[in-house]
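The values are calculated or read from the model by the stated rules, or taken from the named source; none is laboratory data. As the structure is a prediction and not an experimental result, all values here were calculated from the model. Counting neighbours? That spans all protein chains shown, and the Cβs are built from the backbone with ideal geometry, glycine included.
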Amino acid sequence: MSETTDQPVVETPHGAGKPDMIVLEGVEKIYPGSTQPAVSELDLAIPQGEIVMLIGPSGCGKTTTLKMINRLIEPTSGRILLDGKDVTHVNGDQLRREIGYVIQQGGLFPHFSIADNIGVVPKMLGWDKQRIRERADELLHLVGLEPSTFRDRYPRQLSGGQQQRVGVARALAADPPVMLMDEPFGAIDPITRERLQEEFLDIQRTVGKTIAFVTHDLQEAVKLGDKIAVFATGRLEQYADPDTVLTRPANDFVSDFVGGGAAVRRLSLVELAHLELHPVETDEAGTSGATGQGTAAGSRNGVAVAEVDGSGRPVSWRHLPDRDAAGTPLVTVPISGSVYDAVDVMLDGCASLVAVVDEEGRAQGVLHWNDLVGGLRTRQGHA
Ligand SMILES: Nc1ncnc2c1ncn2[C@@H]1O[C@H](COP(=O)(O)OP(=O)(O)O)[C@@H](O)[C@H]1O
Ligand SMILES: [Mg+2]
């Protein structure tokens, strides 16, 4: 935790814990004409480079909180610090150039081309045309849109998912250290939303922004958040990492909010890279003997042998040590995935085991259904 006095936050040395980038201290908002605060006595500190998910029922003050950080809404009382500086009274326009903001449907200007939409803040900052154009192309590429196809189009010519990608690109344009995202994927169909979430995490691995992200979707909060802030009406009820919120809800409100299915949601928190894999050997299709990495024939009894295609990707099981598994289709899951992903492909393929593959799709090992359950049991012991 950083100091929360008027002194600037002391820089922590590299790698030795992250200083808080966004700090809210006793922040309150009472809208004119209202007697109840929309947000009351809010204390929240977001460390540099982390994603904090703000979640809670509709009307609990999530959007109000976000808009107080970039001063689209003035707090009634309390202090807001960015990177150790009190910004409660600095010029709001100035502040908003240093904070990326993404809202539902991208919030794009309909009469601006995609490139011009992305260039809004750089233009205000006085960048020259060439630099703005290059930056727009760079960002379109980053968010997975081919610049030559998209830069001259207009928002209405893009799908919801594409518009949302442009919204993210626009928020990143001037490389702000802080991003505020208000239900950015809320209006997107579930399949596209999942893809956008994956891409968002990929992008965040590159850009490392400090992000306050509003959602009403618990699965999204668990998947994306380093921490989750659970709000009830106007109040923060729990602020902790996703695992803690799911396994140790702070009170009845959080526990009701998290509801049933917490155990299933936790599956997405357990990374396959942390589990011990059973060895796998590979045979190229069409060969009967041992090729590739293993000497399959010599160790048939104890080790699974997968038949691989010309690129080394497993296509079917040639041998499985477990008799009961005979005839099981070969399903794969990337090592970067979670137990949730493994269970998903296994249920989908009616398979009792799964081949874990690397980025190139090559088999790294095997996981059985029981390993996954066992992995969770070990984890529960730690919790
Ligand atoms: N401009 C406004 N004027 C008056 N009341 C508002 C205004 N904006 C939001 N509210 C009220 O403040 C509360 C919190 O709203 P909001 O922050 O939008 O919640 P959330 O984003 O969590 O759904 C709600 O009761 C809402 O009706
Ligand atoms: Mg809202």
Which of the helices (runs of 4 or more DSSP H) contained wholly in segment 58-139 include at least 2 residues that are surrounded by 15 or more Cβ atoms within 10 Å (Cβ to Cβ) and within 16 Å of ligand 1 (Cβ to nearest atom)?
62-69
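Filter segment 32-69 down to the residues that are away from ligand 2 (no atom under 14 Å from the Cβ) and without any contact (Cβ under 8 Å) to a residue 60 or more places away in the chain and list them by number. Please lay out each step first, then the result.
Residues of segment 32-69 that are away from ligand 2 (no atom under 14 Å from the Cβ), as a first pass: 32-37, 40-52.
Once the filter is applied, which keeps residues that are away from ligand 2 (no atom under 14 Å from the Cβ) and without any contact (Cβ under 8 Å) to a residue 60 or more places away in the chain, segment 32-69 yields Pro32, Gly33, Ser34, Thr35, Ala45.
Can you tell me which residue within segment 32-48, out of those that are more than 8 Å from ligand 1 (Cβ to nearest atom) and buried (at least 16 other Cβ atoms within 10 Å of the Cβ), is farthest from the chain's Cα centre (by Cα)?
First, pick out the residues of segment 32-48 that are more than 8 Å from ligand 1 (Cβ to nearest atom): 35, 37, 40-48.
Subsequent filtering for residues that are buried (at least 16 other Cβ atoms within 10 Å of the Cβ) retains 37, 40, 42, 44-48.
On the way: Pro37: 30, Ser40: 28, Leu42: 24, Leu44: 20, Ala45: 19, Ile46: 16, Pro47: 16, Gln48: 16 Å.
Once the filter is applied, the top-ranked residue is Pro37.
Report, by residue number, each residue of segment 169-193 that is within 16 Å of ligand 1 (Cβ to nearest atom) and not in a strand (DSSP E or B).
Selection gives Glu183, Pro184, Phe185, Gly186, Ala187.
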Using beta carbons and a limit of 7 Å, which pairs, at least six apart or on different chains, have the first residue in segment 17-28 and over 19 Å from Glu74 (Cα atoms) and the second one among the hydroxyl-bearing types (Ser, Thr, Tyr) and part of a strand (DSSP E or B)?
Met21/Thr210
How many residues are away from ligand 2 (no atom under 16 Å from the Cβ) and touching a residue at least 60 places away in the same chain (Cβ under 8 Å) if we restrict to segment 174-202?
5
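Would you list the helices (runs of 4 or more DSSP H) that sit entirely within segment 236-277 and hold 1 or more residues that are assigned by TED's automatic domain parsing to the domain that holds Val222 and among the polar types (S, T, N, Q)? Steps first, answer last, please.
Working: elements: 242-247, 252-258, 262-266.
Where helices (runs of 4 or more DSSP H) fall fully within segment 236-277 and carry at least 1 residues being assigned by TED's automatic domain parsing to the domain that holds Val222 and among the polar types (S, T, N, Q), they are 242-247, 252-258.
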So which residues in segment 224-271 are crowded, with 18+ Cβ neighbours inside 10 Å and among the hydroxyl-bearing types (Ser, Thr, Tyr)?
Tyr239, Ser268
Among residues belonging to segment 197-227 that are among the β-branched types (Val, Ile, Thr) and in contact with a Leu (Cβ under 8 Å, 6 or more places away or on another chain), point out the one that is farthest from Pro177 (Cα to Cα).
Val222
